[in-house]
Amino acid sequence: MSALVFSAASADKNALEEDTAFTPRFDANGLVTAIVTDAADDMLLMVAHMNAEALALTLETGIAHYWSRSRNSLWKKGETSGNVQYVTEVRTDCDQDAVWLRVKVAGHDATCHTGRRSCFYRTVEIDGGKAKLAGDGSAPLFDAGSTYRKAD
């Protein structure tokens, strides 16, 4: 459990945008969007969500933590796969409702649970008036099936 506590976001637009106080604006579910890029080449790796505890643990430990909406639980990135995200920089946007993490990924340098480097490995294309997905050619860097195998 983290000891770091965030102050409530300022109602003063100028203070929110220009002052030095970090007052993240969590949504109605207590979450803030986290955009994650590689610190070396700025490749977009993933988009996730953080609650106050995940954000505080990330800032305190330097290791990315998130809130899993599907599992409804705190999630330390790389805890199962070994692909830990070491945070080199945290930024926030103008109204403090999103954070940008620049990270170095350990392990296989893969972020996605499919084993790929990035969760953004498909493009959206229009074919005959219909939207479809096409792969970008990236292959998994590790066997996701064996890494994330459920305990029997």
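Throughout, read-outs are computed from the coordinates displayed, never taken from laboratory work. All of these numbers come straight from a predicted model, not from anything done at the bench. Neighbour counts run over all protein chains shown; Cβ positions are idealised from the backbone, glycine included.
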Seminar exercise, completed: Restricted to pairs 8 or more residues apart or on different chains, the lysines in the chain with C-alpha atoms under 23 Å apart form a number of pairs equal to 4
For this session: Tell me the label-point distance for the pair Lys104, Met43, using the 7 Å Cα-to-Cβ offset, in nm and rounded to one decimal.
Result: 1.7
Exercise. For the pair His113 and Thr88, what calculated FRET efficiency results from E = 1/(1 + (r/R0)^6), where r is the Cβ-Cβ distance and R0 = 25 Å, to the nearest 0.05?
Worked result: 0.65
Exercise. Given charges of +1 on the Cβ of Lys and Arg and -1 on the Cβ of Asp and Glu, with all other atoms neutral, how large is the dipole of the chain about its Cα centre, in debye to the nearest 20?
Worked result: 700
For this session: Which order do the peptides 22-35, 107-120, 5-18 take when ranked by the mean count of other beta-carbon atoms within 10 Å per residue, highest first?
Result: 107-120, 22-35, 5-18
For this session: Could you please state, rounded to a whole Å, how far the C-alpha centre of region 1-33 is from the C-alpha centre of region 68-96?
Result: 17
Exercise. Each label point is 7 Å from the Cα along the Cα-to-Cβ direction; what then is the distance between the points at Asp136 and Ile35, in nm?
Worked result: 1.4
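What is the sum of charges around Val90, taking Lys and Arg as +1, Asp and Glu as -1, for the other residues whose C-beta is under 13 Å from the C-beta of Val90?
Value of the local net charge: -1.
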Seminar exercise, completed: The relative contact order of the chain, taking Cα pairs under 8 Å that sit 6 or more residues apart, comes to a percentage of 19
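Could you list the GluC sites (Glu not before Pro) in region 58-109 that lie in coil according to DSSP, counting only those with at most 15 other Cβ atoms within 10 Å of their Cβ?
In loop regions of region 58-109 (DSSP not H, G, I, E or B), the sparsely surrounded GluC sites (Glu not before Pro) are Glu79.
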Exercise. What is the spread of the Cα atoms of region 64-152 along each of their three principal axes, largest first, in whole Å?
Worked result: 45, 42, 26
Exercise. What would the Debye formula give as log10 I(q)/I(0) at q = 0.09, 0.18 Å⁻¹ for the alpha-carbon point model of the chain, no solvent?
Worked result: -0.34, -1.10
Exercise. Where Lys and Arg each count +1 and Asp and Glu each count -1, what net charge lies around Asp12 among other residues with Cβ under 10 Å from its Cβ?
Worked result: -2
Exercise. In what sequence do Ile126, Ile63 fall when counting other Cβ within 10 Å, fewest first?
Worked result: Ile126, Ile63
For this session: Quick one: what are the phi-derived ³J(HN,Hα) couplings along region 83-94, Karplus 6.51/-1.76/1.60 with θ = phi - 60°, whole Hz, x for glycine and proline?
Result: 8, 5, 9, 8, 7, 9, 7, 10, 10, 10, 7, 4
